[in-house]
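Shown next, in structure tokens, is the structure this report addresses.
Derivation of every value follows stated rules applied to the coordinates shown; laboratory data play no part. None of these values were measured; they are calculated from a predicted model. Note that each Cβ is placed from the backbone with ideal geometry, even for glycine, and that neighbours are counted across all protein chains shown.
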Amino acid sequence: MLKKILAIAAMLYAAATFAAVDVNKATAADLDGLKGIGPSISTRILDERKKGNFKDWTDFIERIKGVGEGNAAKFSAEGMTVNGEAYKGANALPAKAETKKEAKAAKADAKPAAVTTTAAPAAAAAPAPVAKADAKPTADEAKAKKAAEKQAKADAKKAKAEEAKAKKEAAAAKPVAAASAAK
């Protein structure tokens with residue numbers, strides 16, 4: 001009997017923990033309880049909600065500064081809804097197991113081939129992503145751009161180091177070649 005009571009209590013706790021939180025009905029504590037939402041964002045949400053309920057996810061993203069499609073997808077994955085609807089945007093995050101696999105695949109695809117020539121470092125730079133017309137880049141796009149720039153700098157630095165190493169080896173080989181020719 002005690003095991004049944006404990007099992008029921010555990011189920012009720014799990015259901016309460018994973019229950020959806022509608023942004024139009026949630027308290028500050030409800031919002032703060034969602035991973036990724038802290039006091040700053042929950043305050044912005046409550047302040048905007050005083051002006052009127054959120055119509056849909058697009059309205060939510062437009063009205064809450066600092067929340068883009070990426071954060072909306074994360075909040076939805078944690079249980080947040082707008083009028084009972086989960087986020088279904090273009091960049092909605094897949095299930096967590098798929099995210100890791102896709103992240104690895106994307107990371108492998110993003111790695112440029114090693115530079116084997118002594119070309120100028122600019123040749124190793126990845127092309128800049130095309131910006132959307134009249135749109136601010138989302139946080140995810142900004143991170144991707146920053147990562148691409150960082151990778152391009154690292155590739156350029158590596159190419160420069162390889163070039164310097166090749167020159168150093170060539171300079172070291174000259175005296176050896178001259179000594180063997182003198183014999």
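Of the helices (runs of 4 or more DSSP H) that lie entirely inside region 24-85, those containing 1 or more residues that are exposed (fewer than 14 other Cβ atoms within 10 Å of the Cβ) span 28-32, 39-51, 57-63.
Kindly provide the set of residues from region 23-45 that are among the aliphatic types (A, V, I, L, M) and within 25 Å of the chain's Cα centre (by Cα), ordered by number.
23, 31, 34, 37, 41, 45
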